Amino acid sequence: MRLCENRGVKFRIKYCFFPICGLLLFQSSPSISLAQIEAPGALSDFAGCAHHTCTWVPGSTQKKFNQGYLTYTVEMDSKDDSGGIFVLRRGNRELLRTPLKDLSASVSVVWSDNKKNFAITWSDGGAIGGFHVRVFHVEGSSVSEWPATQQAFESFKTVYWCKARGDNIQAYRWLSDSQELILVLSVYPTSDCGKDLGHTEAFVVDAETGKIQQHWEIAQFKAYMHSHPE
C-alpha cells in the first residue's frame, strides 16, 4: 500500500497481480469514493486465472483456457483493427464465434459455479477502459447471449454520464446461484469527465433478463470484494 497525490488530493492504491482482483482507487475522505476494477493494460503480457476469472491481453502469447469440458481462445487478426474474436469449443466442435468490437487491451472471462454461464469484459483502449461486457449461457451444444447489462447501464447512465468518454461497465463475479451477476459501473476516471470522474457503483442483476436485483454503493461493493476476491 502506498500514497500518491493527484492535484492536491491524496489517494491510497492497493496493488495485486491478478486481474479483476479487488484493486480500488479511492480518496481518503470517507464522503467521496473513486474506484475501478483493475485490468491489465494493452502493453501487459499477463495471461492467467484466479478464482473464477481468466484474463488474456492481445499481443501476448496466444493461450487456450479450459473451463470444465469447454475451451476458449481469443483470436486477433493482424490485418484487421476492428477487434478480436472470442471462440468457444467443446473438443474440436466450435460452439461460439463472436466479435469483441474494437478490442485492444485485456479480455477477462468470469464463469458461474455451474459452468453454464460466463461474462466477457474487454477494453477498447487500455487499463482504464473503455470497458464492455457480453454475457452468454451454455446449454448442451447451444450458446445464447443474455441481455444482462442494459438495465444496469441505463440506470447508472441516467445519474452519472461522462459526455466526453461515456461510462465503463465490467463484470465482477457470479453469485452462488449461478443466475445473478455483479456488474460494476463507473465513470471514466479522467479529468474531462468532471466532478464524477471515477465514481463507481455495483448492480446485482438477473443475468437472463437483466433485471436489477440489488444496487450497491461503493462501500458495500468494497466490502464484498474484500471477502470475495477475483
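Throughout, read-outs are computed from the coordinates displayed, never taken from laboratory work. Here the structure is a predicted model, which is why all the values come from computation and not from measurement. Neighbour counts run over all protein chains shown; Cβ positions are idealised from the backbone, glycine included.
Being touching a Gly at 6+ places or on another chain (Cβ under 7 Å) and outside any loop (DSSP other than H, G, I, E, B), is that true of even one residue in the range 76-89? Reasoning before the result, please.
Start the filter on the range 76-89 by keeping residues that are touching a Gly at 6+ places or on another chain (Cβ under 7 Å), which leaves 76.
Checking which are outside any loop (DSSP other than H, G, I, E, B) leaves us with 76.
Yes; the residues of the range 76-89 include at least one that is touching a Gly at 6+ places or on another chain (Cβ under 7 Å) and outside any loop (DSSP other than H, G, I, E, B).
Just wondering, is there one or more residues in the range 186-193 that are under 28 Å from residue 228 (Cα atoms) and of a type in the set (Gly, Ala, Ser)? For the range 186-193, residues under 28 Å from residue 228 (Cα atoms) and of a type in the set (Gly, Ala, Ser): present. Screening residue 144 against (1) more than 16 Å from the chain's Cα centre (by Cα); (2) touching a residue at least 40 places away in the same chain (Cβ under 8 Å); (3) assigned to a strand (DSSP E or B) leaves a single unmet condition, (2). Figure legend. Inter-residue proximity from the range 176-196: first residues closer than 18 Å to residue 218 by Cβ and in contact (Cβ under 8 Å) with a residue 40 or more places away in the chain, second residues among the basic types (Lys, Arg) and part of a loop (DSSP other than H, G, I, E, B), beta-carbon distance below 8 Å, spacing 6+ or different chains. Indicated pairs: 188/165.
With respect to the stated conditions, residue 207 is of a type in the set (A, V, I, L, M) and touching a residue at least 12 places away in the same chain (Cβ under 8 Å). Regarding residue 186, is this residue more than 19 Å from residue 52 (Cα to Cα), hydroxyl-bearing (Ser, Thr, Tyr) and either touching a helix residue (DSSP H, G or I) at 6+ places or on another chain (Cβ under 7 Å) or surrounded by fewer than 18 Cβ atoms within 10 Å (Cβ to Cβ) (or both)? Answer is no for this residue.
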